[in-house]
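Beneath this line is the structure, given in C-alpha cells, with notes to follow.
The values are calculated or read from the model by the stated rules, or taken from the named source; none is laboratory data. This one's a predicted model, so the numbers in the text were calculated from it and none came from an experiment. FYI the Cβ positions are ideal-geometry reconstructions off the backbone, even for glycines, and counts take in every protein chain you see. Keep in mind that these areas ignore ligands, DNA and RNA; they rest on the heavy atoms of the full protein, side chains included. Shrake-Rupley method; radii C 1.70, N 1.55, O 1.52, S 1.80 Å.
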Amino acid sequence: MNVIDKPQTSRRRPRETPKGRQVDPRALLEIKELLGARPRRRDLLIEFLHLIQDRYGHISAPHLAALADEMKLAQAEVYEVATFYAHFDVVKDGPVPPPITVRVCDSLSCAMAGAEKLLAALPGKLGPGVRVLRAPCMGACDRAPVVAVGHVQVPHSAPDKVAAAVAEGSHAHAYRGGKDLAAYEAEAGYALLRSCLAGKRTREEIIKAVSDAGLRGLGGAGFPTGRKWTLVRAEPPPRLMAVNADEGEPGTFKDRYYLERDPHRFIEGMLIAAWVVEAAAAYIYLRDEYPEIRLMLLQELAKVEAAGLTRYTRLELRRGAGAYICGEESAMIESIEGKRGLPRHRPPYVAQVGLFGRPTLEQNVETLYWVRDIVEKGAPWFTSYGRRDRKGLRSFSVSGRVKNPGVKLAPAGVSARELIDEYCGGMAEGHTFKAYLPGGASGGILPASMADLPLDFGALEPYGCFVGSHAVVVLSDQDDIKAVALNLMKFFEDESCGQCTPCRAGTEKAAKLMANGPWDGSLLTELAAAMRDASICGLGQAAPNPLLCVLKYFPEELKKPLGSWQ
C-alpha cells in the first residue's frame, strides 16, 4: 500500500489548558492585593506565605498556584517550601483547619511541668472549633508549661487559663518591656557605633578587643568571634551578614530574654560587626514563636534607620516558620533565601559562600549583645569574670526542677551545682537533684555526681556531652531518665529535615526502639554510631547524645519500665 493510501488515524485533541493545577483568577487577584507593591523576589517566598497564612488562617491550593504564577516559580517549588515549615497549614482538597489553633509545647521542660495533662484536657475544654496540636519548644522553658494560642504564648498554662486566652483572642502586640531607642541613647547608646562610622576607631581595633576578651559564638558552636570576623574580611566583597535569632534548642531562651529587655544593645553590636566586615546587608532571622518581639523589632529597626545609623548596612528582618533545623547556620541561610531549610554540605563554609553565594558573617544574638560592653569597658573587664581557669561571662537558660528558673548571668566555668544553689535558689520543693542536661536537648545528660564540672566550651566533650547554647535543664528524683531521653529523641525525629537517611531514619528507629523496650544497648549504640558518623549536620550527629548518656551513666535505669509524664 502506498503511504498516502494508509488510513488516517484519529489525532488527539490539543489540551485546552496546560498540565497541572490551573490558576484561579479570583485567587490571583487576592494574591496580587495581598502582596501589593512588594517586589516579587524569590527570597521573599516565605514572607509571602506568612502573609497568606496570617490573612486566611491556612494556605489553599488555589493560593499556592496563584503565588507561584505571580512569582514566576514552579508550583512544585512553592509547594515544597510551604509544606516544609510547621507553621504553614497547606490545604489541598480537604477541609480547612478551625479558625483557632492552640499549640501545646511537649518538649522536655514543659513535659515535666504537665504538658501531657494539658494535651488530654484541652480538646474537651475548648470544644470542636479549636484545634489542639503538639508543638516543639517555644523558647519559654522558664514559664513551663506553655501554650500558644495562635502564636501568642500563655505562660504557666492551665486549662481555664488557656480557655480564657482563646476567648480573648490571639493578637500579638509589640513587646513594651524593654528599652526603646530614646531610652538606649540616653545611656550613651550608639556612641560606639557612631565613632566607628566617623572613622574614630579602626576595624582592627574592634577585632582586637573582642579577641582579647575571648568572645566566642554563644549560639552553641563557640567559634572565636574575632577570628571569624577576620576570616570573613579576608573574602572578596560584597559581603553579607546573617543573625541567628532562631533559638529552637529545647531549654534555650536567653536570646528572647535579651531581645525583650535591651534590643538596641544587640542591634548596635550587630551594626558594629557589619561595619567591621563591611557587610552590605544584615539579615535577622527571628523564630516565629516570638511574635511580640518581631513587631517590636520592626518598630525599633525603623527608628534606627531613620536615625541614619544604617547608611552603610541595610537591615532586613526575616520571620522563621517553625523549623528547628533552621538554627543550623547553612539551613538558616537557605531559609532566608526563601527555600526549605536543608543544611548544606561543607566545604565551602558560610564565611566563604553563604547568603546568596556571598561571603557571610553569621552570628548569634547574645554574641553581638556583648560587643559594645567589651569594646567600651575593655577586654580585662570581661575576662575578670570566670571560675576554674575559664574567663568571661555566660548566660545560662535554666529550667526544670529548680525554685527560680530563668536566664542566669554567671562566670564562665561555673558548675551546674553552683548554678542551682547560687543562682536558682536551690531545687524545687520536694525534689532531690538527680541529673542535668548541660547543653539543651543535644548536649547529653549527666548525673548529679558529675555536677561540679565546669559548664564551658571543651570541658564536657570528654564525657560525651557539650555545653552548646548553655541551656541547663535540671532533673530530679521524680523524673524517669529513660522518659527524658525518649522525649528528646522524639523531638529530633520530628525536627529532622529528612535530607539524609542516617538522621531521618535513625531518629525514627531509635525512638521506636526506646519506646517499645526493653532497651537493646548494643543495637542502640550501633545505630547511634551510624547517625553520628554519617549525618550531614549537627542535628543527626548530636541526636544520640542523651541516649548514649543514659546507657553510660544510668545503667540502673535500664532495668526499670519506661515511666510516664502523666
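Details
- Extension reserve of the D477-Y463 stretch, reckoned as 0.36 nm per residue once the Cα distance is removed: 2.8 nm
- What the Cβ-Cβ distance of F223 and R131 gives, at R0 = 45 Å and to the nearest 0.05, is a FRET efficiency of 0.65.
- Pairs of lysines in the range 77-222 whose Cα atoms sit within less than 26 Å of one another amount to 4, provided the residues are eight or more positions apart or on different chains.
- HN-Hα J in Hz across the range 552-561 - Karplus 6.51, -1.76, 1.60, θ = phi - 60°, x for Gly and Pro: 8, 9, 10, x, 5, 6, 5, 7, 8, x
- Lys/Arg +1, Asp/Glu -1 at C-beta; the chain dipole; positive extreme among I333, Q478, T225: I333
- FRET efficiency estimate (nearest 0.05) - Cβ-Cβ, S522 to L295, R0 60 angstrom: 0.70
- Note on H87: accessible area is roughly 20 Å² with a 1.4 Å probe, heavy atoms of protein only.
- Note on the chain: Rg/Rh from C-alpha atoms, Kirkwood Rh, equals 1.01.
- Classification of the range 159-299 by its C-alpha gyration tensor yields a prolate form. The axis ratio a/c (a ≥ b ≥ c) is 1.5 or more, and a/b outweighs b/c.
- Projecting the Cα atoms of S496, L126, V350 onto the charge dipole of the chain, computed from C-beta unit charges around the Cα centre, puts V350 farthest toward the positive end.
- Computed Rg/Rh of the range 17-93, alpha carbon atoms with Kirkwood Rh: 0.91
- Hull shadow area, averaged, the range 102-162 [alpha-carbon convex hull, nm²]: 3.4 nm²
- Pair R346, A428: separation of 7 Å Cα→Cβ label points (nm): 3.6 nm
- Karplus 3J(HN,Hα) series, Hz, for the range 347-352 with 6.51 cos²θ - 1.76 cosθ + 1.60 (x for Gly, Pro): x, x, 8, 4, 5, 9
- Relative contact order (%) - the chain, alpha-carbon pairs under 8 angstrom, separation at least six: 13 percent
- By the Cβ-Cβ criterion of under 4.7 Å, the unpaired cysteines of the chain are C137, C141, C196, C326, C424, C465, C497, C500, C503, C537, C549.
- Once the Cα-Cα distance is subtracted from the 0.36 nm per residue extended length, the K559 to R417 segment shows a gain of 48.4 nm.
- Within the chain, DSSP assigns beta bridges of which about 40% are antiparallel (rounded to the nearest 5).
- If you look at the Cα atoms of the range 247-368, you get an Rg and a Dmax of 14.1, 40 Å.
- Inter-centroid distance (Cα atoms) of the range 401-446 relative to the range 129-175, Å: 26 Å
- Diffusion constant of the range 321-415 at 4 °C, which comes from Stokes-Einstein with the Kirkwood Cα-pair radius and 1.567 mPa s, µm²/s: 80 µm²/s
- Gain upon complete extension [R203, K377; 0.36 nm per residue less C-alpha separation]: 60.9 nm
- Carbon/sulfur fraction of accessible area - the chain, other protein chains in place, 1.4 Å, %: 52 percent
- Long-range HN-HN contacts of S60 with modeled amide H, under 5 Å: V91
- Across the protein chains, with a 1.4 Å probe defining accessible surface, the residues V130, V304 rank V130, V304 from largest area downward.
- Two-site FRET efficiency, R41 against A529, from Cβ-Cβ distance with R₀ of 41 Å, rounded to 0.05: 0.40
- For a straight C-alpha distance cut-off of 16 angstrom, the aspartates and glutamates reachable from K391 (same-chain residues fewer than eight places away being disregarded) are D212, D373, D456.
- The label point for R26 and the one for L409, both projected 7 Å from the Cα toward the Cβ, are 5.6 nm apart.
- The share of alpha-carbon pairs in the range 122-201 lying farther apart than 22 Å comes to 47%.
- Here the Kirkwood formula puts the hydrodynamic radius of the range 76-227 at 19.6 Å, using every distinct Cα pair.
- The loop-placed chymotrypsin sites (Phe, Trp or Tyr not before Pro) in the range 224-276, going by DSSP, include none that has at most 16 neighbouring Cβ atoms within 10 Å of its Cβ.
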